[in-house]
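**Q** Structure in structure tokens, see below.
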Amino acid sequence: MAEIYKDYDCFAYFYNKYWTINSPLYLEKALDILLLEKIEKNAHILDVCCGTGNVAGLLQERGYNMAGLDGSSLMLDYAKENAPGVEFILSDARNFNLGRKFNAVTCLFDSINHLLNKDDVIKVFKNIYDHLEDNGIFVFDVNSLSSSIDVDLSDFTAVEDNEVFISQAEYNSVEKLITYSLTAFIKENNKWERYDNKIYERYYEERLLISYLNKAGFKNTAYTYGADIGIEPFEDRVFFTAWK
């Protein structure tokens, strides 16, 4: 598993510092509308692909019993700092078995887009289905196919005294695949070290994801766009809900 998620380990520091500053607040707003008003205040929620734990921490502060699961050990190191009271579990979303069930499961910040083939998406959906209580709800988001038009907006550069981080995105319209080329320069002991890696995301049409949810066992499914529920700057993001 460490080999599978090594690219995310390399990415963890910059992801925690630059990419999750405001996003949890926008995602919390979406969850207020799509999830939290439908469950009890002390409900047990599992955040799959929890990354650096920002959303899990926010929901824990609001009184929910949170657990987070991710395949990157370094992501979870930051998660434990960001949300010290949350239980975090190192496991692959495609084959985890926690031996207990939850009232709700979330999988946010386009984590599903990081699954690059149909079989992996269905495996994750099936695992989540198996970890839900009866009448439990699953909420996730994805980058929409239409947002690929603005892929250049994903380019990002951060420059500080002892570090430089550059992310450049390229979209393959045939494969519906976006490639993030990541380059970092870190100054340690007056010497600059360079690190390079790539992260991939695949775009899925909404009807395909609904069919994958159905294959996993979910029956009552729906989706909405960020623009429809006033989630800025995630207007093009698609939010899905599915009930067990």
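The values are calculated or read from the model by the stated rules, or taken from the named source; none is laboratory data. Bear in mind that the values here come from a model prediction, so they are computed numbers and not experimental data. Every residue, glycine as well, gets a Cβ built from its backbone with ideal geometry; the counts of neighbours run over all protein chains shown. Areas reflect the complete protein model, heavy atoms only, side chains present, ligands, DNA and RNA absent. Shrake-Rupley method; radii C 1.70, N 1.55, O 1.52, S 1.80 Å.
**Q** Looking only at segment 187-209, which residues are assigned to a strand (DSSP E or B) and touching a strand residue (DSSP E or B) at 6+ places or on another chain (Cβ under 9 Å)?
**A** Across segment 187-209, the qualifying residues are Lys187, Trp192, Glu193, Arg194, Tyr195, Asp196, Asn197, Lys198, Ile199, Tyr200, Glu201, Arg202.
**Q** Return the residue satisfying two criteria in turn: it lies in segment 170-208 and is polar (S, T, N, Q) and open to solvent by less than 50 Å² (accessible area, probe 1.4 Å), and of such residues it is nearest to the chain's Cα centre (by Cα).
**A** Thr179
**Q** Related question: For segment 17-34, enumerate the residues that are open to solvent by 20 Å² or more (accessible area, probe 1.4 Å), touching a Leu at 6+ places or on another chain (Cβ under 9 Å) and modelled with pLDDT of 80 or more.
**A** Glu28
**Q** To continue, here is another question. From the list Ala56, Ala12, which residue is in contact with a helix residue (DSSP H, G or I) (Cβ under 6 Å, 6 or more places away or on another chain), in a helix (DSSP H, G or I) and open to solvent by less than 10 Å² (accessible area, probe 1.4 Å)?
**A** Within the list Ala56, Ala12, the selection yields Ala12.
**Q** Can you give me the number of residues within segment 86-142 that are of a type in the set (Ser, Thr, Tyr), buried (at least 21 other Cβ atoms within 10 Å of the Cβ) and either modelled with pLDDT under 95 or not in a strand (DSSP E or B) (or both)?
**A** 1
**Q** Looking at segment 111-125 only, could you name the residues that are charged (D, E, K, R) and either in contact with a Cys (Cβ under 9 Å, 6 or more places away or on another chain) or closer than 10 Å to Ala93 by Cα (or both)?
**A** Matches in segment 111-125: Asp120, Lys123.
**Q** Please count how many residues of segment 41-53 are at pLDDT 95 or above and either out of contact with any helix residue (DSSP H, G or I) (no Cβ under 8 Å at 6 or more places or on another chain) or under 19 Å from Val142 (Cβ atoms) (or both).
**A** Residues in segment 41-53 being at pLDDT 95 or above and either out of contact with any helix residue (DSSP H, G or I) (no Cβ under 8 Å at 6 or more places or on another chain) or under 19 Å from Val142 (Cβ atoms) (or both): 7 in total.
**Q** Further, regarding this structure: Might you check whether a residue that is in contact with a strand residue (DSSP E or B) (Cβ under 6 Å, 6 or more places away or on another chain), at pLDDT 90 or above and open to solvent by 30 Å² or more (accessible area, probe 1.4 Å) occurs anywhere in segment 235-242?
**A** No: zero hits.
**Q** Follow-up question, since we're still on this one. Do we find that Phe138 is touching a residue at least 24 places away in the same chain (Cβ under 8 Å) and either closer than 30 Å to Thr224 by Cβ or among the aromatic types (Phe, Trp, Tyr) (or both) in this structure?
**A** Criteria met by Phe138.
**Q** Something else about it: Out of curiosity, is Phe240 in contact (Cβ under 8 Å) with a residue 40 or more places away in the chain and part of a strand (DSSP E or B)?
**A** yes
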